[in-house]
Amino acid sequence: MADLNSIITPGMIVRHPNRPEWGEGQVQSNIGGRITVNFREEGKVVLDGSKVALILVSASD
């Protein structure tokens with residue numbers, strides 16, 4: 001589960017697998033497995049990367 005999360009970097013667009021109503025979110029940071037994402041419908045959320053396998057929508061340029 002944490003393998004994909006370990007390569008998530010700021011600027012990437014992701015979705016939360018259990019919260020589709022949050023919409024897409026832009027990764028703000030990924031520090032020590034704590035991933036901060038700014039979701040369109042939910043706002044800024046800090047996630048534990050060891051418990052949530054985010055879905056990558058698009059990589060940053």
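Nothing in this text is a laboratory measurement; each read-out follows from the coordinates by a stated rule. What you see is a predicted model, and the numbers here were worked out from it, not measured in a lab. We place every Cβ from the backbone using ideal geometry, glycine too, and count neighbours over all the protein chains shown.
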(request) Give me the distance in nm between label points sitting 7 Å out from Cα along the Cα-to-Cβ direction at Trp22 and Leu4, one decimal. (result) 1.4 nm
(request) Before anything else, pin down the relative contact order of the stretch 2-58: Cα pairs under 8 Å, at least 6 apart, normalised by residue count, whole percent. (result) 38 percent
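One quarter of the convex hull surface, Cα atoms only: what value does that give for the stretch 2-58 in nm²?
Numbers: hull surface 12.5 nm².
Result: 3.1 nm².
Once fully extended, how much extra length lies between Ser50 and Ile13, figured as 0.36 nm per residue of separation less the alpha-carbon to alpha-carbon distance?
Numbers: separation 37, 0.36 × 37 = 13.32 nm, distance 1.85 nm.
Answer, rounded to one decimal: 11.5 nm.
With +1 on the Cβ of every Lys and Arg and -1 on the Cβ of every Asp and Glu, and nothing else charged, how large is the dipole of the chain about its Cα centre, in debye rounded to the nearest 20? Could the numbers behind the result be given before it?
Numbers: 6 positive and 7 negative charges, 27 e Å.
Dipole of the chain, to the nearest 20 debye: 140 debye.
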(request) Divide by every residue of the chain the summed helix terms, -39500 (n - 2.57) for each DSSP H run of at least 4, and state the resulting mean residue ellipticity at 222 nm, rounded to the nearest 500 deg cm²/dmol. (result) -2000 deg cm²/dmol
